[in-house]
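Colleague: Before I ask anything, here is the structure I am working with.
The values are calculated or read from the model by the stated rules, or taken from the named source; none is laboratory data. This is a predicted model, so every value here is computed, not measured. All Cβ positions, glycine included, derive from the backbone under ideal geometry; neighbour counts span all protein chains shown.
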Amino acid sequence: MTVPSPNPALGLHSKRWNGLRHILEREGPFCKDDFTASADNLDFLQTKSKVLIIGAGGLGCELLKDLALMGFGNLHVIDMDTIELSNLNRQFLFRRTDIGASKAECAARFINGRVPTCRVTPHFKKIQDFDESFYQQFHLIVCGLDSIVARRWINGMLLSMLRYEDDGTIDASSIVPMIDGGTEGFKGNARVILPGFTACIECTLDLFPPQVNYPLCTIANTPRLPEHCVEYVKLIQWDKESPFGVPLDGDDPQHIGWIYERALERANEFNISGITYRLVQGVIKHIIPAVASTNAVIAAACALEVFKMATSCYDSMSNYLNFNDLDGIYTYTYEAEKSEGCLACSNKPQLLPIGDANTTTLEDVIKLLCESPRFQLKSPALTTVMKDGKQRTLYMSTVKSIEEATRKNLTQSLGELGLQDGQQLTVTDPTSPTAMTLQLKYHANEVEMS
Amino acid sequence: MVALERVLENAQSQYCPSDNKFTCILSAKMSSPAPKSPELSDKSKKYDRQIRLWGEHGQTLLEAATVCLVNVTAVGCETAKGLVLPGIGGFTVADGSTVKEEDLGNNFFLDASYIGKSKALACKQLLQELNPDVNGDYVDESVDYLLENRPNFFDSFDLVIASNLNEKTLLLLSNRLWESNVPLLYCRSLGMMGTIRLQIREHCIVEAHPDNPQFDLRLAQPFHALQEHLNSTEVTSKVPWLLVLYKYLRIWQKEQPDGHKTPNNYKEKNQLREVIRKEMKADEENHEEAIKAVNTAFGAGTVPSALKAIFEDEACELLTKKSNIFWIMAKALKSFLIHDNNGNLPLPGVLPDMTANTDSYIALQNIYRQQALQDADQVYHKCQDYLKQLSLPPDTIDERSVRLFCREAAGLTVMRGTRIAEEYERNSRLLPLMEENEVQDNLTAYNFALRAYERFLSECGHIPGECTAEQDIGRLKTIAGKMLGDLGTHATISDDVLHEISRYGGAELHAVSAFIGGCAAQEVIKIVTKQYKPIDNTFIYNAVSTESVTLKL
């Protein structure tokens, strides 16, 4: 795979590389201190480097093109999704005839055809289908994801791959840097993460906007917005009337049509205006607006950081770029700080503050883990080692039989469950590939006050 | 060019997640029931994710626009890509050169099969393949040839995008486009540096889409219908917070010796919060919301300075038959403010969501919407009077356009641009950029260095740093010194900056071009859709430090 191409038009001396070679083979006043101008830099990009791109959507398509034309010769791309019509306004490697096909495979085929100096290997899979041994083979990982859970999972994976020396320092060879991009409408961000060294995804969880949830009583009794009417049909009428005998599918136009009609009826009943087909679809599918331009900008910023890190030609950005072009063009780069209390990267058990163990139920704890900005878990499973040394599952929702067996624990207090101050809970959640350890800290409120 | 008013016919069906309630006003008068499940058209589905931002009416304007791409570079093609994908009406590529091997390294819209063939043709074909809705065209002539032999060539475009010009050609092209009133977006991408310069004579924006829009509620001076509603409605735990806030505002006002209308500082706002808190019972959500709203509920409705400038503009004072309808509506708005509305803006009629029972919220919402319609109606009739005076047909301006104009009154913006050629003459905007014989900051210095690079191309006929990084630094420095001297300053550009520029040897890096191209494409979309504010007027990006700045040159 690392054998240089026999075709001179594709070799390192091809004139196609003239521009990149000026950057990589000349010293300059702003280059990184340890940069060595040499022909080896391009050779490394073309024949030795291996970069993984996660996501072949709006950012992923751009990243593949950008990295291929920045000299990278060996790229892998993972995406579990297939191509839809509404992707075509920005995911420029796909055409109408590709609808229904794998994004990863289609994108790889296009780049391999257009840029003969780059070989893209597609993986039509979920990131969770791969383990450590897969992720370890890459020099760098770039993420162009629209899911926060997936970002947190890969962040957890890269952190779990870190090896620590006896003195607690990190073995540098175990670090796989992560460059992460995200966009929403005319806003976006790009960041550089050195797992274990700089702020990770979990350190800055509070940067993600909270999801909008309308209170159920508003939806049911006092609707005021068209969105309230749509939510009512989705949450209550759909199950009650079961119009097609199947669960709601946001991609089925018949389903959306039915919801549109019912929502319109409800809105008319309450004199609420503003129900449109597009609004209904947006609410049902949680659609985030997206344009080609923002994806191009953020992917380019990520690709530049991959290039800087892979070649050492310039210092990496430190470490978080915000972009928006609603009013002019605005960028702001700052150093997001590593959190000492980070569940994922602090490498020590984190305290879980509990007020009164006799009134706090297990359900309260799970609610805290899901709702507090610090944790934001999805469906945590809790196990612990009891005083007698026995492993005990406190609650797990993902396996039906265990859920049934542990459901009764939910309403019990921590005291009733026999959990002691200082006891460690092992928590697993879809947001992380590895378990995390939380240490119960009772009377937390009193401690704070003293 | 499609007229704004025609396009706005679609506005009522648009949905913007951030301000869907805005659009409701436009449809408030529609009484006929919507058709059964009006599934979106194929095109509407394809462009769904962007129509949620700029609406069907923005999309219609985009699909009616045609642009010219001068010179096939990576930054030019990336800009064009960002326009072809969202469905611009058409593009024409102008480039007189042929594809060479060295062009393939950084440009995704050229490939080896085109080597030796027209670059304009190659890039036109590969760009058009992205989207069959878009008309692509090409001219395999250089910009110099076109300016010399077909000077009217550029006049029919809505905008021209250019890159990689030498100084002489840049000045010729920009002057020509200024004369023919065609906006120019000039992009530079060299090494790790990029810039975008927008040259446009006048640009009027109705929908600026502010990031944090302020709700205009008129609590200080309630309009008649609102006053009646406030007086006749009992404040309970089920009514919107606006009624709660008004009740306690009146109580608070009675305690004020100096006749304060609304609390306008931290202390006064806290006093009002306390008044509410003292009276509220536990679990009164609307009272809690009223306390939170103290900070933002007052203050809108007055004329912002940008709008004042619009009212004082000569184009607003002196309407002619050729006046943009923006100016006719602006003059009508001004007259409404002065003669009919005590200097207040027309009511936008937009209410934030407030916890309340349905009937009391909808009743309040209708009061705001009705007043907004009434205000807009008055402005509309004034527009019709002006149209009559100008002997223009009444359908030149329709009600929907006026409603939108009135709703957006607080954010109306007119941008007046400058000629690129002025940057090469002594002018007052340049001096603040210089400090103590140094160009003020690094990003500004790069902008001047890139201009020196273009003068070098004109004067020396080759690319600085083409063979070795060092050979041309001296010459580049001389040129930069003379250029700054001609502008009336003794400031210099640091040797390091010039060394860096020379080290690039003309290299255009794809990722820098993709960054600049992405930004540039959105600026074009802003201009043709007349939504969102474009840069005014020079954006400079440094990919080494990941910094950017916008200067008005």
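Colleague: Could you tell me which of the residues B:Leu387, B:Leu430, B:Leu392 is at pLDDT below 95, over 13 Å from B:Pro346 (Cβ atoms) and out of contact with any Gly (no Cβ under 7 Å at 6 or more places or on another chain)?
Modeller: Every option except B:Leu430 fails the conditions.
Colleague: Starting from region A:358-374, keep only residues that are within 22 Å of A:Glu202 (Cα to Cα), then list their pairs with residues that are charged (D, E, K, R) whose Cβ atoms are within a distance under 6 Å, requiring at least 6 positions of separation or different chains.
Modeller: Close Cβ pairs (under 6 Å, with a partner that is charged (D, E, K, R)) amount to A:Pro373/A:Asp206.
Colleague: Restricted to region A:302-319, and to residues that are closer than 18 Å to A:Cys200 by Cα and part of a helix (DSSP H, G or I), which residue is farthest from the other protein chains (Cβ to nearest Cβ)?
Modeller: Checking each candidate, the answer is A:Met309.
Colleague: Quick one: which strands (runs of 3 or more DSSP E) sit completely within region A:348-422 and have at least 3 residues that are more than 28 Å from the chain's Cα centre (by Cα)?
Modeller: A:391-395
Colleague: If you check every pair at least six apart or on different chains, which have Cβ atoms under 6 Å apart with a residue in region B:178-203 that is outside the structural domain of B:Gly465 (by TED's automatic domain parsing) first and a residue that is aromatic (Phe, Trp, Tyr) second?
Modeller: If the second residue must be aromatic (Phe, Trp, Tyr), the pairs left are B:Val182/B:Phe154; B:Val182/B:Phe157; B:Leu190/B:Tyr504; B:Gly191/B:Tyr504; B:Met193/B:Tyr446; B:Gly194/B:Tyr541; B:Ile196/B:Phe539; B:Arg197/B:Tyr186.
Colleague: Need a quick list: helices (runs of 4 or more DSSP H) entirely within region B:424-538 having at least 2 residues that are of a type in the set (Asp, Glu) and more than 10 Å from every other protein chain (Cβ to nearest Cβ).
Modeller: Output list reads B:442-460.
Colleague: Of all residues in region A:22-36, how many are buried (at least 21 other Cβ atoms within 10 Å of the Cβ), more than 7 Å from chain B (Cβ to nearest Cβ) and without any contact (Cβ under 8 Å) to a residue 60 or more places away in the chain?
Modeller: Within region A:22-36, residues that are buried (at least 21 other Cβ atoms within 10 Å of the Cβ), more than 7 Å from chain B (Cβ to nearest Cβ) and without any contact (Cβ under 8 Å) to a residue 60 or more places away in the chain number 0.
Colleague: If you take just the helices (runs of 4 or more DSSP H) that sit entirely in region B:273-353, which of them hold at least 3 residues that are more than 28 Å from the chain's Cα centre (by Cα)?
Modeller: Those helices (runs of 4 or more DSSP H) span B:285-293.
Colleague: If you don't mind, there's one more thing I want to ask. Evaluate the following for B:Leu387: is it within 30 Å of B:Ser237 (Cβ to Cβ), touching a residue at least 40 places away in the same chain (Cβ under 8 Å) and more than 14 Å from every other protein chain (Cβ to nearest Cβ)?
Modeller: no
Colleague: Same structure, new question: Taking into account only those residues within region B:103-137 that are part of a helix (DSSP H, G or I) and among the hydrophobic types (A, V, I, L, M, F, W, C), which is surrounded by the most Cβ atoms within 10 Å (Cβ to Cβ)?
Modeller: Looking at residues that are part of a helix (DSSP H, G or I) and among the hydrophobic types (A, V, I, L, M, F, W, C), I get B:Cys123.
Colleague: Here is a further query. Output the number of the condition that A:Phe375 fails; it satisfies all remaining conditions of (1) among the aromatic types (Phe, Trp, Tyr); (2) in the same structural domain as A:Arg407 (by the TED database); (3) surrounded by fewer than 16 Cβ atoms within 10 Å (Cβ to Cβ).
Modeller: (3)
Colleague: In the list A:Gly389, A:Gly355, A:Gly418, which residue meets the criterion of being farther than 27 Å from A:Ala150 by Cα and either crowded, with 18+ Cβ neighbours inside 10 Å or in contact with a Lys or Arg (Cβ under 9 Å, 6 or more places away or on another chain) (or both)?
Modeller: Just a single option satisfies the conditions, and that option is A:Gly418.
Colleague: Restricting to helices (runs of 4 or more DSSP H) lying wholly in region A:216-263: which have 1 or more residues that are away from chain B (no Cβ under 11 Å) and closer than 22 Å to B:Pro38 by Cα?
Modeller: A:226-232, A:238-241
Every residue, every condition in (1) farther than 22 Å from B:Ala452 by Cβ; (2) in contact (Cβ under 8 Å) with a residue 40 or more places away in the chain; (3) assigned by TED's automatic domain parsing to the domain that holds B:Lys477; (4) basic (Lys, Arg), yes or no:
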residue: B:Gly517; (1), (2), (3), (4): yes, yes, no, no
residue: B:Ile525; (1), (2), (3), (4): yes, yes, no, no
residue: B:Lys530; (1), (2), (3), (4): yes, yes, no, yes
residue: B:Asn537; (1), (2), (3), (4): no, yes, no, no
residue: B:Tyr541; (1), (2), (3), (4): no, yes, no, no
residue: B:Val544; (1), (2), (3), (4): no, yes, no, no
residue: B:Glu547; (1), (2), (3), (4): no, yes, no, no
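Colleague: Another question, if that's okay. I need the full set of residues from region A:392-406 which are free of Cβ contacts under 8 Å to residues at least 24 places away in the same chain and surrounded by 13 or more Cβ atoms within 10 Å (Cβ to Cβ), in order please.
Modeller: The answer is A:Arg392, A:Thr393, A:Met396, A:Ser397, A:Ile402, A:Glu403, A:Ala405, A:Thr406.
Colleague: Select, from A:Asn358, A:Asn319, the only residue that is in contact with a Gly (Cβ under 7 Å, 6 or more places away or on another chain), modelled with pLDDT under 95 and on the phi < 0 side of the Ramachandran plot.
Modeller: A:Asn358
Colleague: Restricting attention to region A:324-342, which residues are of a type outside the set (D, E, K, R), within 9 Å of another protein chain (Cβ to nearest Cβ) and in contact (Cβ under 8 Å) with a residue 60 or more places away in the chain?
Modeller: A:Asn324, A:Leu326
Colleague: Return the only residue of B:Leu190, B:Leu177 being within 30 Å of B:Thr444 (Cα to Cα) and part of a strand (DSSP E or B).
Modeller: None of the other options fit; the residue is B:Leu190.
Colleague: Could I ask something else about it? Working only within region A:143-192, note down all residues that are of a type in the set (Val, Ile, Thr), buried (at least 20 other Cβ atoms within 10 Å of the Cβ) and under 13 Å from the mean Cα position of the chain (by Cα).
Modeller: A:Ile154, A:Ile179, A:Thr183
Colleague: If only one of A:Thr331, A:Thr294, A:Thr311, A:Thr360 is within 30 Å of A:Leu235 (Cβ to Cβ) and polar (S, T, N, Q), which one is it?
Modeller: Going through A:Thr331, A:Thr294, A:Thr311, A:Thr360 in turn, the sole match is A:Thr360.
Colleague: Can I ask one more? Given the conditions (1) within 12 Å of chain A (Cβ to nearest Cβ); (2) surrounded by 19 or more Cβ atoms within 10 Å (Cβ to Cβ); (3) closer than 30 Å to B:Gly349 by Cα, report the number of the one that B:Ile196 does not fulfil.
Modeller: All conditions are met except number (3).
Colleague: Restricting attention to region B:484-502, which residues are touching an Asp or Glu at 6+ places or on another chain (Cβ under 9 Å) and farther than 15 Å from A:Arg26 by Cβ?
Modeller: Within region B:484-502, B:Asp486, B:Leu487, B:Ala491, B:Thr492, B:Ile493, B:Ser494 qualify.
Colleague: Filter region A:37-56 for residues that are surrounded by fewer than 20 Cβ atoms within 10 Å (Cβ to Cβ) and either outside the structural domain of A:Met157 (by the TED database) or touching a residue at least 60 places away in the same chain (Cβ under 8 Å) (or both) and give the result.
Modeller: Within region A:37-56, A:Phe44, A:Lys50 qualify.
Colleague: Which numbered condition in (1) among the acidic types (Asp, Glu); (2) modelled with pLDDT of 95 or more; (3) not assigned by the TED database to the domain that holds A:Glu305 is the only one that A:Asp129 fails?
Modeller: (3)
Colleague: Restricting attention to region A:273-283, and to residues there that are of a type in the set (A, V, I, L, M) and more than 7 Å from chain B (Cβ to nearest Cβ), which single residue is nearest to A:Glu241 (Cα to Cα)?
Modeller: Looking at residues that are of a type in the set (A, V, I, L, M) and more than 7 Å from chain B (Cβ to nearest Cβ), I get A:Val280.
Colleague: If you go through region A:313-329 one residue at a time, how many are polar (S, T, N, Q) and farther than 26 Å from A:Leu45 by Cβ?
Modeller: The number of residues fulfilling the criteria is 2.
Colleague: Checking the conditions here, which among B:Ile325, B:Ile291 is buried (at least 18 other Cβ atoms within 10 Å of the Cβ) and assigned by TED's automatic domain parsing to the domain that holds B:Asn342?
Modeller: After applying the criteria, what remains is B:Ile325.
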